[in-house]
Amino acid sequence: MNSSLLKKLPKIDVLLSAPEMRVLFERYPYAIVKETVQEYIAKLRSDALADRISSMPSIGDISAAVSKKLENGDIYSLKRVINATGVVLHTNLGRAPLGREVAQHVADVAAGYCTLEYDVEKGERGSRYSHVEKLLCDITGAEAAMVVNNNAGAVFLILNTLAKEKKVAVSRGELVEIGGSFRVPEIMSQSGAELIEVGTTNKTHPEDYAKAIENGAEVLLKVHTSNFKMLGFTESVDIPELSAIAKPSGALVLYDLGAGFLFPAEHIGINEEGHVVGKCLSQGADIVCFSGDKLLGSSQAGVIVGRKELVDRIKKNHLTRMLRIDKLCLAALEMTLKYSVSPDLAKKSIPALEEISMTEGECRNKAAELAAGLKTSCHGIIADVVQTKDEAGGGSLPGVEIDSAAVEIVVPGISAAVLEEKLRKRSVPIITRVSRDSVLISPRTLRENDAEEIISALAEICICGVKK
Ligand SMILES: *Cc1c(COP(=O)(O)O)cnc(C)c1O
């Protein structure tokens with residue numbers, strides 16, 4: 001232990017009254033600066049005790065470090081991370097990232113009053129849905145649209161409005177659980193709908209639905225089996241067939257699409273049919289609902305589109321008040337929808353779509369650039385470009401692997417598990433994958449400047465590794 005170094009540890013009150021700290025008090029509340037300084041000093045003390053440092057930083061250095069921590073939002077529990085996993089709509093990392101302009105627009109709306117429920121033309125109360133309804137109708141061809149807090153809420157609200165005390169036919173192959181707490185049978189019973197299971201786990205035929213209608217079913221519910229894929233001897237009934245079966249009796253066709261595309265997936269290089277909201281409607285679905293923060297690439301929301309008479313009934317359900325979307329999500333959604341009017345614009349402006357559509361070649365180039373940067377700046381590092389598969393994530397495109405490239409990293413003397421942990425426990429956590437005793441960094445999900453931050457993080461780790 002270096003006791004002369006410990007003696008140089010600055011006192012908290014001396015630090016807090018130092019002129020260098022003054023600018024911080026202009027920008028952040030006193031209590032927050034104080035807490036951050038205390039944490040920083042505690043870390044210095046433990047570093048000095050463990051001989052991890054050989055000199056004490058100056059007050060100027062300390063104030064710069066504290067300032068950086070405050071800027072990074074390090075003091076918060078909910079904060080930015082760097083997603084180096086290659087999973088785009090990562091459920092645990094907040095699903096879709098917003099683009100800079102969208103985030104700025106959300107900030108502008110948040111920082112003041114806004115037109116949330118105010119009609120500026122008429123000078124009177126307006127509707128929260130008015131900001132996105134026309135856009136959604138124009139893009140999907142729907143007669144009417146509304147949005148709620150999330151898609152789970154949308155499914156519940158739709159069933160509670162249109163299927164309460166009615167028999168609802170669902171294929172046994174679609175009685176899925178999504179994300180642990182969203183289970184179709186439970187949502188149905190809580191909404192007041194009576195579930196009639198049709199078909200079998202792997203195969204459901206048109207006749208199964210027809211028989212359910214004969215037995216009194218007034219609603220046919222289709223659920224996208226988002227987070228798993230059945231292979232082999234399987235069969236399900238698609239929307240055109242469901243609609244043909246439902247029509248004669250006047251039964252409704254409802255579709256929980258989960259992750260909805262506003263245009264065909266081929267525009268972002270994904271070879272996958274289905275998922276296109278407008279197509280489901282034109283094929284005869286009466287109501288379609290989907291998430292705002294999956295393939296739409298916006299904030300959390302549950303979007304409901306379909307026949308006007310039905311959407312109007314849903315809007316009038318009192319539960320809508322409990323599931324209502326907040327103004328910040330709505331601001332992000334309106335702007336994202338404006339970008340969604342053309343696939344080319346969407347692909348450029350919506351980060352989730354931009355990331356999914358990155359080709360293997362583009363990933364490879366970025367990986368090569370990152371690997372070269374790492375080798376220049378990080379002493380002793382081994383960084384190789386390797387071929388990998390990425391995922392859209394969020395249960396949006398199960399079974400679809402996206403060809404990709406990543407940087408495979410080894411720091412001599414540090415195991416992959418320890419390296420993963422060191423990267424994860426930084427003030428801006430870097431979330432990586434571990435594969436075959438190395439750490440993988442996928443460029444697909446890196447946002448601007450993330451690569452530089454990864455290089456400086458690994459440069460620090462390598463210096464410490466060498467010292468040991
Ligand atoms: C994701 C998903 C949901 C839940 O949507 P949230 O927006 O997360 O509430 C419901 N149904 C399906 C089919 C899904 O894929």
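The values are calculated or read from the model by the stated rules, or taken from the named source; none is laboratory data. Fair warning: this is a prediction, and the values are worked out from it, not measured in the lab. Backbone-built Cβ (ideal geometry, glycine too); neighbour counts: all protein chains shown.
Tell me yes or no: at least one residue of the stretch 192-202 is within 16 Å of the ligand (Cβ to nearest atom) and in contact with a helix residue (DSSP H, G or I) (Cβ under 8 Å, 6 or more places away or on another chain).
Checked against the condition, which is being within 16 Å of the ligand (Cβ to nearest atom) and in contact with a helix residue (DSSP H, G or I) (Cβ under 8 Å, 6 or more places away or on another chain), the stretch 192-202 yields at least one hit.
Quick one: is G199 in contact with a Leu (Cβ under 9 Å, 6 or more places away or on another chain) and under 22 Å from D286 (Cβ atoms)?
Considered against the rule, which asks whether it is in contact with a Leu (Cβ under 9 Å, 6 or more places away or on another chain) and under 22 Å from D286 (Cβ atoms), G199 comes out as no.
Got a sec? Which of V428, V434 is within 19 Å of the chain's Cα centre (by Cα) and within 26 Å of A96 (Cβ to Cβ)?
V428
Give me the pairs: first residue in the stretch 226-239 and more than 18 Å from V170 (Cβ to Cβ) and within 14 Å of the ligand (Cβ to nearest atom), second residue of a type outside the set (F, W, Y) and at pLDDT 85 or above, beta-carbon distance under 9 Å, and six or more apart or on different chains, which are they?
Within 9 Å, the pairs are K229/V400.
Six or more apart or on different chains, Cβ under 6 Å: which pairs go from a residue in the stretch 286-313 that's over 14 Å from L98 (Cβ atoms) to one that's acidic (D, E) and within 16 Å of the ligand (Cβ to nearest atom)? Could you list them?
Within 6 Å, the pairs are C289/D256.
Filter the stretch 161-176 down to residues that are crowded, with 19+ Cβ neighbours inside 10 Å and either part of a helix (DSSP H, G or I) or of a type in the set (A, V, I, L, M, F, W, C) (or both), then give me how many there are.
Total satisfying the criteria: 9.
Listed residues I356, I414; which is within 22 Å of V434 (Cβ to Cβ) and in contact with a helix residue (DSSP H, G or I) (Cβ under 8 Å, 6 or more places away or on another chain)?
On the way: I356 fails: within 22 Å of V434 (Cβ to Cβ).
After applying the criteria, what remains is I414.
Quick check: anything in the stretch 262-279 more than 15 Å from the chain's Cα centre (by Cα), within 12 Å of the ligand (Cβ to nearest atom) and at pLDDT 95 or above?
Checking the stretch 262-279: not a single residue is more than 15 Å from the chain's Cα centre (by Cα), within 12 Å of the ligand (Cβ to nearest atom) and at pLDDT 95 or above.
Which one of these is part of a helix (DSSP H, G or I), in contact with a Cys (Cβ under 9 Å, 6 or more places away or on another chain) and aliphatic (A, V, I, L, M): V33, V102, V106, V37? Quick ask: steps written out before the conclusion?
Numbers: V33 fails: in contact with a Cys (Cβ under 9 Å, 6 or more places away or on another chain); V102 fails: in contact with a Cys (Cβ under 9 Å, 6 or more places away or on another chain); V37 fails: in contact with a Cys (Cβ under 9 Å, 6 or more places away or on another chain).
Being part of a helix (DSSP H, G or I), in contact with a Cys (Cβ under 9 Å, 6 or more places away or on another chain) and aliphatic (A, V, I, L, M) holds for just one of V33, V102, V106, V37, which is V106.
For R27, only one of the following conditions fails: (1) of a type outside the set (G, A, S); (2) surrounded by fewer than 10 Cβ atoms within 10 Å (Cβ to Cβ); (3) farther than 29 Å from D51 by Cα. What is its number?
Every condition holds for R27 apart from (2).
Quick one: would you say S46 is part of a helix (DSSP H, G or I), hydroxyl-bearing (S, T, Y) and out of contact with any strand residue (DSSP E or B) (no Cβ under 7 Å at 6 or more places or on another chain)?
On the way: part of a helix (DSSP H, G or I): yes; hydroxyl-bearing (S, T, Y): yes; out of contact with any strand residue (DSSP E or B) (no Cβ under 7 Å at 6 or more places or on another chain): yes.
Judged against the criteria, S46 is a match.
I'd like to verify a number: residues in the stretch 3-45 that are over 26 Å from K425 (Cα atoms) and of a type in the set (S, T, N, Q), how many?
Adding up the residues that qualify gives 3.
Under the condition of being more than 13 Å from the ligand (Cβ to nearest atom) and among the hydrophobic types (A, V, I, L, M, F, W, C), which residue from the stretch 281-307 is surrounded by the fewest Cβ atoms within 10 Å (Cβ to Cβ)?
Among those that are more than 13 Å from the ligand (Cβ to nearest atom) and among the hydrophobic types (A, V, I, L, M, F, W, C), it is L281.
When the stretch 274-301 is examined, which residues are found to be in contact with a Pro (Cβ under 7 Å, 6 or more places away or on another chain) and either closer than 19 Å to L353 by Cα or acidic (D, E) (or both)?
Within the stretch 274-301, V276, G297 meet the criteria.
I'm checking my understanding of the structure. Among residues of the stretch 379-395 that are buried (at least 20 other Cβ atoms within 10 Å of the Cβ) and more than 30 Å from F261 (Cβ to Cβ), which one is nearest to the ligand (Cβ to nearest atom)? Walk me through how you get there before you give the answer.
First, pick out the residues of the stretch 379-395 that are buried (at least 20 other Cβ atoms within 10 Å of the Cβ): 381, 383, 385, 388, 390-395.
Still in the list and also more than 30 Å from F261 (Cβ to Cβ): 381, 383, 385.
Values: I381: 38, A383: 36, V385: 33 Å.
Only one residue fits best here, namely V385.
Could you check how many residues of the stretch 397-427 are within 27 Å of S77 (Cβ to Cβ) and touching a Gly at 6+ places or on another chain (Cβ under 8 Å)?
Count: 0.
From the list G99, G112, G123, which residue is small (G, A, S) and farther than 21 Å from D326 by Cα?
G123
How many of the residues in the stretch 49-63 are in a helix (DSSP H, G or I) and either more than 38 Å from the chain's Cα centre (by Cα) or touching a residue at least 12 places away in the same chain (Cβ under 8 Å) (or both)? Spell out how you get there, then give the answer.
Taking the stretch 49-63 as the starting set, the residues that turn out to be in a helix (DSSP H, G or I) are 49, 59-63.
Right, trim to either more than 38 Å from the chain's Cα centre (by Cα) or touching a residue at least 12 places away in the same chain (Cβ under 8 Å) (or both) and you get 49, 59-60, 62-63.
Total satisfying the criteria: 5.
How about the stretch 157-196: which of its residues are among the small types (G, A, S) and on the phi > 0 side of the Ramachandran plot?
Of everything in the stretch 157-196, those that are among the small types (G, A, S) and on the phi > 0 side of the Ramachandran plot turn out to be G179, G180, G192.
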